[in-house]
Structures are given as C-alpha cells and as structure tokens.
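Each value in this text was obtained by applying a stated rule to the coordinates, not by laboratory testing. Quick caveat, the model's predicted, so the values are computed rather than measured. Ideal geometry is used to build each Cβ from the backbone, glycine not excepted, and the neighbour counts take in all protein chains shown.
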C-alpha cells in the first residue's frame with residue numbers, strides 16, 4: 001500500500017473529519033507501518049501531514065508500550081510541586097465537616113488563599129448540595145374554551161417610521177416632538193388546545209368580542225396587564 005493511498009484513507013488531520021476516517025491512534029499506526037514497508041520517513045510524514053519529530057516520538061512510544069502508546073495522553077503533569085499538601089487538605093476537610101465553614105473562614109483560620117480552599121473543597125466533593133426542586137404539577141383543561149389566558153402588551157409607535165435607510169422614503173416626516181401614541185397588543189391562548197390569537201388595538205380596554213369568537217365558557221378569562 002502506497003503512502004498516497006494511506007493518505008487518502010485518512011492521512012491528514014487538516015481536512016474535515018467524517019465517520020469514515022480512522023481515529024488518531026489508527027492513523028499513527030498506519031504511519032509507522034508505511035515507514036516500515038520501505039517508504040522514506042520524509043515522504044511518509046509529508047503524505048500524512050505530520051513532522052519527522054512527531055513520527056519519531058510515536059515510534060518510540062510504539063516500541064515501548066505497543067498500540068496502547070499511540071493513544072492520546074492527558075496533558076496533566078505527573079507531579080505538581082505547588083499543589084496543596086495532604087495535611088492542609090485534611091484540615092480543610094475536617095473544618096468543613098465539623099463546622100460547615102465556607103472558604104473565607106477556613107482560609108482565615110489556616111492562613112491559606114480563599115481560592116485554594118475553594119478548589120480543595122470542590123475537589124474533595126464537600127460543597128453544599130442544593131435541595132432538590134419540588135416537582136412541577138401542570139394543569140390543563142380538557143375542553144376547548146373552558147379557560148382562556150389573556151394578556152396585554154403596551155407598545156410605543158415610532159414617530160418617524162423605521163427610517164429612510166430601510167424604507168428609502170425621502171418624503172417629509174413628522175418631527176420628533178410630534179406625539180406618536182401607543183398601541184396595545186392583545187394575546188389570548190386557549191388552555192386546552194393551545195390555540196393563540198393576537199390583535200393590536202389603540203385602547204388598553206378589553207374590546208368587545210366578535211360574534212364568531214364568542215363561545216360559552218364555564219370559567220372567566222384571566223386578564224393580566
């Protein structure tokens with residue numbers, strides 16, 4: 001198998017990834033196999049879109065750990081020289097469990113940073129657990145027109161329209177001092193069918209319902225405005 005065929009089967013990671021492309025560990029194994037089949041290291045790396053330094057790094061890992069060495073490793077360091085000591089962690093956990101103190105008070109007692117104490121509490125899983133929320137009991141009427149939810153929204157008119165940059169209208173417009181007035185948007189939602197109806201009017205008072213919309217209702221409509 002040539003380097004070009006390996007490259008077309010999932011060589012470079014610069015292109016879009018699809019479900020037909022192999023994983024990173026599989027590509028690295030193909031890279032090593034292509035170089036061992038007689039292809040030059042430079043040509044193989046160019047076909048797979050990697051550097052020679054990366055090739056030799058993966059080859060050393062493969063010879064030391066086998067296929068498991070080709071899997072991505074965590075970037076977390078093996079040793080953290082500045083990490084908080086075990087004695088301080090035990091003291092923080094003891095004060096947290098016995099007294100329930102927060103990071104500010106524990107930091108003042110132990111002479112540590114508040115951020116350090118807070119991270120330690122989170123790492124040890126000693127943060128306060130939120131009480132479970134009460135379940136929501138939703139209601140819904142069975143018949144249409146049994147309950148209507150009505151609400152209003154007062155909106156202000158634009159004094160000079162949307163502007164000539166949008167409507168390209170260069171005609172005379174009223175000045176900014178001209179009162180524009182308001183319109184009221186009415187919204188009604190049926191509780192059973194979730195059918196919604198909206199209409200905007202000049203007045204905030206509830207208008208008279210048209211005969212075609214007037215239906216007998218067992219409960220009065222709710223009005224919030």
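Annotation for residue 168 and residue 83: the two label points, set 7 Å from Cα along the Cα-Cβ direction, are 6.8 nm apart.
Residue ranges 184-192, 147-155 sort as 184-192, 147-155 when ordered by packing (mean number of other C-beta atoms within 10 Å per residue, highest first). Computed from the Kirkwood radius of its Cα pairs, the Stokes-Einstein diffusion coefficient for the range 35-94 at 37 °C and 0.692 mPa s stands at 219 µm²/s. For the pair the range 35-87 / the range 110-138, the C-alpha centres are spaced 38 Å from each other. Stretching the chain fully between residue 72 and residue 128 yields a gain of 16.7 nm (0.36 nm per residue, less the alpha carbon separation). Between residue 157 and residue 192, the FRET efficiency from the beta-carbon distance, with R0 = 45 Å, is close to 0.80.
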